[in-house]
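Below is one structure, written out as structure tokens; the observations come after it.
The values are calculated or read from the model by the stated rules, or taken from the named source; none is laboratory data. Bear in mind the structure is a predicted one, so any value in this text is a computation, not a measurement. Reconstructed Cβ throughout: ideal geometry from the backbone, glycine too, with neighbour counts over all protein chains shown. Just so you know, the surface numbers come from the protein's heavy atoms only, side chains and all, with ligands and any DNA or RNA stripped out. Shrake-Rupley method; radii C 1.70, N 1.55, O 1.52, S 1.80 Å.
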Amino acid sequence: MPDLIIENGTVVNATGTAAADVVVDGETIAAVLAPGVAETVGLRADRVIDATGKYVIPGGIDAHTHMQLPFGGTEASDTFETGTVAAAWGGTTSIIDFAVQRYGERVEDGLAAWHEKADGNCAIDYGFHQIIGGVDDEALKAMERLVDEGITSYKLFMAYPGVFYSDDAQILRAMQKARELGLLTMMHAENGPAIDVLAAQLAESGRTSPYNHGVARAWQMEEEATHRAIMLADLTGAPLYIVHMSAKQAVEQVAWARDRGKNVFGETCPQYLYLSLEKNLGARSEEWGDFEGAKWVCSTPSAPRRRGHLEAMWQGLRTNDLQMVSTDHCPFCMKDQKELGRDDFRAIPNGIGSIEHRVDLLYQGVVDGRISLPRWVELVSTTPARMFGLHGRKGVIQPGADADIVVYDPQGHTSIGVGKTHHMNMDHSAWEGFEIDGHVDVTISRGTVLVEDGEFRGRAGHGRFLERDLSQYLV
Ligand code: URP
Ligand code: ZN
Ligand code: ZN
């Protein structure tokens, strides 16, 4: 007898929707049956979940998170435990976090440190990308071992000189190695050295408020770096994935490259779809006289990008010039963390926490008529699985796949607010006051119910490390 049948729901895959019952045996999906078939053949299960009027979708995969990331003299406030519990509440059943190597450190040590942080602490499955913050002969050699470790993507930074930054020569060498190994290069594309000059000039002229973070990180910085990354990737033949895109002009660069048949992909984040100077921060002075703007300080910046950039992100998702929406979940509390930059925006740790809201926030695109139901599922689950080597196992409701399933109630409602719906380890929300149509009713990871009836029933340690295959998008 199977363990579970989720019956009477509408199964939504990236390929379309169907009324169907989902049969779960152990950790995997055993069958997807047309309505009535289970009854006709007398199939019973230990448990039945009635999904009448609800969507049954593959669990969300957030391919860009930073639990416990050391940054700017502090550390991201979600642990692997608190962050993955919050993820489960929001219908996310897998994350891919970033193990960190900095200049002068060994890649192996960075990776081992990340395993130590995550092992036994995650409520959902997790994988790693590798940040290479110091490209040298030793790091290039170490990249050769990543695929065997189940790590098939790595990130370089064109920003943050002195911390994670790689110059063009380093980027070129890393991409050559990636091309040889089949690794997917993920790029933080902003011109860091130029941004640092602008930021210093602003601060020295007394413009120290959070607003100036976005002034220094102008769209030209993102467009230029995106184009440079595309050309370096083209030279080497390495596929390229640009992370956390927020500028319209940078997306145009990705579209330009894709139109010429280059293997270039773009990721945006909920903050770049919803947060803008006019929409959320319009009531405030452009100078953000108060310190509240620190909540939205992240890189690339969500503000002061103006509304036109948001529209360009939605358009990119519709035209598939952007393929991915990840959170870049990198939470910091205001108290003792964001406050480090009270007198100088350059000291505000960069990052926004959204892991709990990605599935819901993207669903608003369905509610608003911007994307279809299958595209929603493709964005929250299927493409991340294919992009990052989890295809077949995750991102789809089909026999043989892991039983990572979310029952989503389109009639439900969520008011986002700290103290109301919040499970992330933060003392504020960048999303305070957002009203969400739709609700994650049940979250299931490999056949185990993690969230149901408004209760968390999972446990830290349930989550397993995901050894990933090569990206399905490599050619
Ligand atoms: O502001 C951000 N994005 N913080 C996390 C680090 C990164 O660059 O992804
Ligand atoms: Zn980045
Ligand atoms: Zn990031």
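Quick look at the values:
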quantity: Selection count, the stretch 55-79, where residues are in contact with a Phe, Trp or Tyr (Cβ under 7 Å, 6 or more places away or on another chain) and more than 16 Å from ligand 1 (Cβ to nearest atom); calculated: 2
quantity: Counted residues, the stretch 255-274 - those being away from ligand 2 (no atom under 16 Å from the Cβ), open to solvent by less than 10 Å² (accessible area, probe 1.4 Å) and either assigned to a helix (DSSP H, G or I) or out of contact with any Lys or Arg (no Cβ under 8 Å at 6 or more places or on another chain) (or both); calculated: 2
quantity: Near pairs, Cβ below 6 angstrom, 6+ apart or cross-chain, from the stretch 242-267 (more than 11 Å from Ala229 (Cβ to Cβ)) to any residue that is of a type in the set (Phe, Trp, Tyr); calculated: Ser246/Tyr272; Ala247/Trp219; Gln249/Trp219; Phe265/Tyr241
quantity: Total residues in the stretch 135-190, condition open to solvent by 20 Å² or more (accessible area, probe 1.4 Å) and on the phi < 0 side of the Ramachandran plot; calculated: 23
quantity: Output for the stretch 200-211, where each listed residue is surrounded by 20 or more Cβ atoms within 10 Å (Cβ to Cβ) and over 25 Å from the mean Cα position of the chain (by Cα); calculated: Leu202, Ser209
quantity: Cross-chain or 6+ apart pairs with Cβ under 7 Å, the stretch 67-86 first and over 20 Å from His129 (Cα atoms) and of a type in the set (Ser, Thr, Tyr), then open to solvent by less than 30 Å² (accessible area, probe 1.4 Å) and within 16 Å of ligand 2 (Cβ to nearest atom); calculated: Thr74/Phe332; Thr74/Pro349
quantity: Selection within the stretch 367-392 - in contact with a helix residue (DSSP H, G or I) (Cβ under 8 Å, 6 or more places away or on another chain) and in contact (Cβ under 8 Å) with a residue 40 or more places away in the chain; calculated: Arg370, Ile371, Leu373, Arg375, Trp376, Leu379, Val380, Leu390, His391
quantity: Strands (runs of 3 or more DSSP E) lying entirely in the stretch 402-475 (those with 2 or more residues that are modelled with pLDDT of 95 or more, surrounded by 15 or more Cβ atoms within 10 Å (Cβ to Cβ) and in contact with a Leu (Cβ under 7 Å, 6 or more places away or on another chain)); calculated: 435-445
quantity: Counted residues, the stretch 232-248 - those being farther than 21 Å from Ser471 by Cβ and either away from ligand 2 (no atom under 16 Å from the Cβ) or more than 19 Å from the chain's Cα centre (by Cα) (or both); calculated: 1
quantity: Output for the stretch 311-334, where each listed residue is open to solvent by less than 10 Å² (accessible area, probe 1.4 Å) and more than 16 Å from ligand 1 (Cβ to nearest atom); calculated: Trp314, Gly316, Leu317, Leu322, Gln323
quantity: Per-region count, the stretch 335-366, residues within 16 Å of ligand 2 (Cβ to nearest atom), open to solvent by 10 Å² or more (accessible area, probe 1.4 Å) and touching a helix residue (DSSP H, G or I) at 6+ places or on another chain (Cβ under 6 Å); calculated: 0
quantity: Subset of the stretch 185-222 that is within 16 Å of ligand 1 (Cβ to nearest atom) and of a type in the set (S, T, N, Q) - its residue that is nearest to Gln170 (Cα to Cα); calculated: Thr185
quantity: Checklist (1) under 30 Å from Gly162 (Cα atoms); (2) away from ligand 1 (no atom under 16 Å from the Cβ); (3) crowded, with 20+ Cβ neighbours inside 10 Å applied to Leu390, failing item; calculated: (1)
quantity: In the stretch 338-350, residue farthest from ligand 1 (Cβ to nearest atom) [restricted to those that are in contact with a strand residue (DSSP E or B) (Cβ under 7 Å, 6 or more places away or on another chain) and closer than 27 Å to Glu267 by Cα]; calculated: Pro349
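Per-residue answers, yes or no, for (1) among the polar types (S, T, N, Q); (2) open to solvent by less than 10 Å² (accessible area, probe 1.4 Å):
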| position | (1), (2) |
| --- | --- |
| Met1 | no, no |
| Val12 | no, yes |
| Val37 | no, no |
| Asp46 | no, no |
| Tyr55 | no, no |
| Thr92 | yes, yes |
| Ile95 | no, yes |
| Val100 | no, yes |
